[in-house]
Amino acid sequence: MVWTLAFAVFAFLPMVGGDYLLQIGAFVAIQSIAVIGLGLLTGFAGRISLAQGALYGIGAYTTAILVTELGVPPLAALPAAIAMAVLVGTVLGSPAIRLSGLYFVMSTIGLQQIVWIVLIHWSGLTGGPQGIRGIPPLSVAGFAFDSPARFYLAALFGSAVSFFLARRVVASRFGLFLRAVSDDELSSATAGVHVVRTKILALALSSGWAGAAGFLHAFFLRFVHPDMFSLELSVVDLTMAMFGGYRSLDGMLLSSILLGSASEYLRPFGQFRLVVYGFILLLTMMVAPRGILAAAGALLRRR
Amino acid sequence: MLPQLLIGGLGTGCIYALVGLGFTLVYRGMAMVNFAQGQVFMAGTFLGLYLARDLGVPAIPLLILVPAISFVAGALLEKLVFRRLYHSHEVFVVGAIGLGVMIENFVRALFPEPLPFPKIFGSGVYRFIPGVLFQKTYLWIVVITLILVLMLHIMFTYTRRGRALRAVAADAEIAGTMGVSVPRAIGLTFGLSFAVASIAGVLIGPLYFVSPDMGDMVGLKAFSAAVLGGINSIVGTIIGGILLGVIEATAAFYISTDYKDVFAFAILMLMLVVRPHGLLGRVVPVKV
């Protein structure tokens, strides 16, 4: 209820903010989709991944190629973007998902780097280091989301849909399996939870969310480049998912807003901006390992 | 052509091995992965750059001074930072990445442009075998790596402190009850891991222009090398590093230069699925 209201309030941002603010808003909204997806894997299945950026990139490139090269109508690229991300994520990720947590993180770094290198060097398909330009604006049934305000609203809508969908997943029987598996694989297996299937499904879901974020991203700057989807993006997504809160979709949404707009409010620090950003991450992990929302909750309860 | 490729591969391989050792030392001790390792390596290069270029420190004192400073930095950071991240491996990974971001961007603020590193090892070329060039810097890299590995081996095998470190790596709790100071051993472990990575930074400096992002790729590849050889084995990591360097050099020549960087990561993913403990690593049984 609170979040429905929050999304409704954010929908009025175009009335007060300029184009620049709306651009940041759209960026945050798109990021939040990938972060929530990753949260399904990280917070609920207990597997952290550093490949979310790569899967996000696959969604974006699938969309860009379909729309520019093959003239597919924008909205029709959405299922393709999601399907591609799910395919790559599960095919390359599931062999490693059986491994213990730390080994899984290691293998996702491999996945991230391989996808990024292929995006740079497979020039015939991806345009290589030139990227893909000239992506038309997102349009649905003839209505083009071509101004910053319109696109912002589309991105916000996407973010809201993904958030409420994720809440449904978490509240479902499958969501229960996820939490059980992340708490204790062995005892959930004895209780009849199919552990590997649950984890692979979580991986597929999180990849799907990344693909959807990538779809929107392709229409955000209407230009895609391999470096947009490097390890840096995966790190940003992972830190957002961890920063907000362990097993808290609300926390992830909050941290997407807080960290996604960090480059703006850290501007006064000039060239030390990213040093401060790193410091915030480090400090949060040191004092609030379960995320800011959990720490705030604990602080409130103590009163 | 092949001997020349092998020499190049051996040189980079030694660098991977040294940076990888930093991962291995911490992993053995803590079962954590310090993803700031690549940035530590880079910081070592820039520390070397400052000392060599601005203060005129020659090669050998530099190779003692830089690791000494890094050792202190590592032990200090363990006390102030890493110790508070042992909550879980996820928290440690993200916290260490945060630290890496800090180090990299701090160095970038001080040195925004790529810079040439002074040729502290001279710029001559040896021709031990006709037709095969052996740069002086490569010789230094190989010799220093050998010396370091020997020193580490002696320390771990024959000294009290080394045995204490191994005891903590095997089982910190038991080691603690046997009178080993566990916090001190862990501080020492981080100090050592910083020191070896920073030496690698000084060794590679003269080969390229140095820039603050140079640690990103080297760090990840060194990590792959450690996994290849066995991330809980010191010997394994060194062999893994050299193997990866040689594989990369030959594959870049015979298969594809564009996809040269893919091999390290393909090996990483493959190894984790097929043999997660690496070529020489020990299998650690999971206890319930």
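Of the residues making up segment B:10-55, those that are within 11 Å of B:PHE190 (Cα to Cα) and polar (S, T, N, Q) are B:THR24, B:ASN34, B:GLN37. Scanning segment A:177-195 for residues that are in a helix (DSSP H, G or I) and surrounded by 15 or more Cβ atoms within 10 Å (Cβ to Cβ) turns up A:PHE177, A:LEU178, A:ARG179, A:ALA180, A:VAL181, A:SER182, A:GLU185, A:SER188, A:ALA189, A:VAL195.
Of the residues making up segment A:280-293, those that are crowded, with 17+ Cβ neighbours inside 10 Å, part of a helix (DSSP H, G or I) and of a type in the set (A, V, I, L, M, F, W, C) are A:ILE280, A:LEU281, A:LEU282, A:MET285, A:MET286, A:ILE292, A:LEU293.
In this structure, does B:PHE46 turn out to be more than 10 Å from chain A (Cβ to nearest Cβ), of a type outside the set (Ser, Thr, Tyr) and either assigned to a helix (DSSP H, G or I) or closer than 30 Å to A:GLY244 by Cα (or both)? Spelling it out, B:PHE46 is indeed more than 10 Å from chain A (Cβ to nearest Cβ), of a type outside the set (Ser, Thr, Tyr) and either assigned to a helix (DSSP H, G or I) or closer than 30 Å to A:GLY244 by Cα (or both).
Listed by position, the helices (runs of 4 or more DSSP H) enclosed by segment B:57-159 that each have at least 1 residues that are of a type outside the set (Ser, Thr, Tyr), closer than 20 Å to B:GLY191 by Cα and more than 21 Å from the chain's Cα centre (by Cα) are B:59-80. If the condition is being under 30 Å from A:LEU92 (Cα atoms) and surrounded by fewer than 21 Cβ atoms within 10 Å (Cβ to Cβ), then segment A:2-58 contributes only A:PHE27. Can you say whether A:ALA60 is in a helix (DSSP H, G or I), in contact (Cβ under 8 Å) with a residue 24 or more places away in the chain and more than 14 Å from chain B (Cβ to nearest Cβ), as far as the supplied structure shows? Yes, satisfied. Quick check on B:MET217: is it surrounded by fewer than 18 Cβ atoms within 10 Å (Cβ to Cβ) and within 30 Å of B:ILE103 (Cβ to Cβ)? So B:MET217 fits the description; yes. Exactly one residue out of B:PHE194, B:PHE253 is hydrophobic (A, V, I, L, M, F, W, C) and at pLDDT below 90, and it is B:PHE253.
For segment B:86-100, filtering for residues that are within 7 Å of chain A (Cβ to nearest Cβ), of a type in the set (A, V, I, L, M), in contact (Cβ under 8 Å) with a residue 12 or more places away in the chain and within 21 Å of A:GLY245 (Cβ to Cβ) leaves 2.
Evaluate segment A:63-71: report whether one residue or more is assigned to a helix (DSSP H, G or I), polar (S, T, N, Q) and within 12 Å of chain B (Cβ to nearest Cβ).
Just the residues of segment A:63-71 that are assigned to a helix (DSSP H, G or I), to begin with: A:63-69.
This time we only want the ones that are polar (S, T, N, Q), so: A:63, A:68.
Remaining after also requiring within 12 Å of chain B (Cβ to nearest Cβ): none.
Checking segment A:63-71: not a single residue is assigned to a helix (DSSP H, G or I), polar (S, T, N, Q) and within 12 Å of chain B (Cβ to nearest Cβ).
The residue of segment B:229-288 that is farthest from the other protein chains (Cβ to nearest Cβ), among those that are polar (S, T, N, Q) and outside any loop (DSSP other than H, G, I, E, B), is B:THR250.
Of the conditions (1) more than 18 Å from the chain's Cα centre (by Cα); (2) modelled with pLDDT under 90, A:LEU119 clears all except one; give me its number. So A:LEU119 meets the others, but not (2). When segment A:284-294 is examined, which residues are found to be of a type in the set (A, V, I, L, M, F, W, C) and within 8 Å of another protein chain (Cβ to nearest Cβ)? Passing the criteria: A:MET285, A:MET286, A:VAL287.
Taken across segment B:104-116, residues that are under 24 Å from B:ILE239 (Cα atoms) and away from chain A (no Cβ under 14 Å) do not occur at all.
Would you be able to tell me the number of residues in segment B:71-85 that are basic (Lys, Arg) and at the interface with chain A (Cβ under 8 Å from one of its Cβ atoms)? The total comes to 1.
Reported count of residues in segment B:1-43, each being assigned to a loop (DSSP other than H, G, I, E, B) and over 16 Å from B:LYS221 (Cα atoms), is 3. For B:PRO118, work out the one condition from (1) over 15 Å from B:MET214 (Cβ atoms); (2) crowded, with 20+ Cβ neighbours inside 10 Å; (3) touching a Leu at 6+ places or on another chain (Cβ under 8 Å) it doesn't fulfil. In the conditions (1) over 15 Å from B:MET214 (Cβ atoms); (2) crowded, with 20+ Cβ neighbours inside 10 Å; (3) touching a Leu at 6+ places or on another chain (Cβ under 8 Å), B:PRO118 misses (2) alone.
For segment A:150-163, does any single residue satisfy the condition of being exposed (fewer than 14 other Cβ atoms within 10 Å of the Cβ), within 14 Å of another protein chain (Cβ to nearest Cβ) and free of Cβ contacts under 8 Å to residues at least 60 places away in the same chain?
Going residue by residue through segment A:150-163, those that are exposed (fewer than 14 other Cβ atoms within 10 Å of the Cβ) are A:161.
Narrowing further to those that are within 14 Å of another protein chain (Cβ to nearest Cβ): none.
Taking every residue of segment A:150-163 in turn, none turns out to be exposed (fewer than 14 other Cβ atoms within 10 Å of the Cβ), within 14 Å of another protein chain (Cβ to nearest Cβ) and free of Cβ contacts under 8 Å to residues at least 60 places away in the same chain.
The values are calculated or read from the model by the stated rules, or taken from the named source; none is laboratory data. Not measured: the values here are computed from a predicted model. Glycine also receives a Cβ, built like all others from the backbone with ideal geometry; neighbour counts cover every protein chain displayed.
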